[in-house]
Structures are given as C-alpha cells and as structure tokens.
1. Quick check on my filter: what residues within the stretch 77-100 are crowded, with 17+ Cβ neighbours inside 10 Å and over 15 Å from residue 38 (Cα atoms)?
2. Does residue 154 qualify as being out of contact with any strand residue (DSSP E or B) (no Cβ under 6 Å at 6 or more places or on another chain), within 29 Å of residue 52 (Cβ to Cβ) and modelled with pLDDT of 95 or more?
3. Only one residue in 144, 154 is surrounded by fewer than 20 Cβ atoms within 10 Å (Cβ to Cβ) and under 14 Å from the mean Cα position of the chain (by Cα). Which one?
4. So how many residues does the stretch 44-59 have that are farther than 18 Å from residue 165 by Cβ and buried (at least 17 other Cβ atoms within 10 Å of the Cβ)?
5. Is at least one residue of the stretch 55-71 more than 15 Å from the chain's Cα centre (by Cα) and either touching a residue at least 24 places away in the same chain (Cβ under 8 Å) or over 24 Å from residue 19 (Cα atoms) (or both)?
6. Which of the residues that make up the stretch 161-209 are loosely packed, with under 15 Cβ neighbours inside 10 Å, under 22 Å from the mean Cα position of the chain (by Cα) and within 19 Å of residue 60 (Cβ to Cβ)?
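The values are calculated or read from the model by the stated rules, or taken from the named source; none is laboratory data. Computed from a predicted structure; not experimentally measured. All Cβ positions, glycine included, derive from the backbone under ideal geometry; neighbour counts span all protein chains shown.
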C-alpha cells in the first residue's frame, strides 16, 4: 500500500513542508539527523505506555512524523544518498521493535495474558521484519516490490489508530489489545504472503498455486 503517494499522503507532506521542513532546511539539519531523532523518540514509546496510553500514542506519532520527514527533507535539499537510504531502513527496523515493545508493556498489566502476548508479539515482530526483508531482497535482485497492505507507513498509521483507541477507551483496554494484536498479526501475515507471491511471479514467471 503506497500511502506516501496517496492523496492523503501528498496533503500530509505538503502540510509538513510548510510547517516543519522549511524550518529544518533553515537550521541546516541533515536528513540522517532527523532519522536518528525518530529512533530516539521510538525508544521512548515503551516508557510512554508505562505512563499511560496517551503518552505512548504521542511518542509513536512524533516518531512517525520524523520517519516521514527524513526522506522528504533529503529530496527537497538534494541530500539523497545510498547510505541515507540504508541508514533510514536500518533504524526503521529498530523503531518497529520499540513500537511493539510498547504494546507489550500494556499487556504486562494483565498477568494472565503475559505469556500468550509475548509469544504472539514475537511472531508479529518476526512478520514485521519479514515484510521489510522480502522487499529488500527482491529489490536487491533487480525487481520492484509494490505489493503488500502493511507497508511501513501503513503499519505506523495502524499502530497509531490502535494506540488511540486504547487511550480513548481505557475501560476496554484488554479487549482492544487482543483485537488490535490479532488484526495486526493477520495483516502482516497477509503482506508477507503477498510479497512472496510477487517474488515468485517475478522470478519464475508463475504465480503460487
């Protein structure tokens, strides 16, 4: 799912260009610095959730904004580089881990759910990493990878919506945690399957049957 090139994504980037990117350019802040900021804030997500769901939601939002701005800033200032792309992708994987760890912090408030939550969140993290790996591997073999409902921007938006529901409906926290985790697991599994199918078709000329 190409969220960045959607109508909403373009409107969002235009807003960020007016509100934030101009200031970053004026201060001569480099895109790689913004990438690091995004990771630092992502690492605060578990601590934020330990305080309350609103704080966790805020840190995911700030980290996601930083993640969306580094590449945009690089293009607008003509500072794109292969290392910058590598750096961004690498730190994104660390941020993915921090986000999911934040939701585990919430599960920890329910002792009878801890073990099951740890196992399922581990599987969810594995699928999240596989989504990125399958795309990177396919592109390294000279093929485009366009499929998948849970691209990185889509995942961040999903986690934001999940965290927002948890903040708005604290009395139903455990139910929302399980529904959100189950849906996340299903969508990430679907995305891995979509990308494997795309790779099979691109590399062998036939779809999986």
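1. 100 - this is the single residue of the stretch 77-100 that is crowded, with 17+ Cβ neighbours inside 10 Å and over 15 Å from residue 38 (Cα atoms).
2. Spelling it out, it is not the case that residue 154 is out of contact with any strand residue (DSSP E or B) (no Cβ under 6 Å at 6 or more places or on another chain), within 29 Å of residue 52 (Cβ to Cβ) and modelled with pLDDT of 95 or more.
3. Result of the check over 144, 154: 154.
4. Count: 2.
5. no
6. Within the stretch 161-209, 161, 168, 179, 183 qualify.
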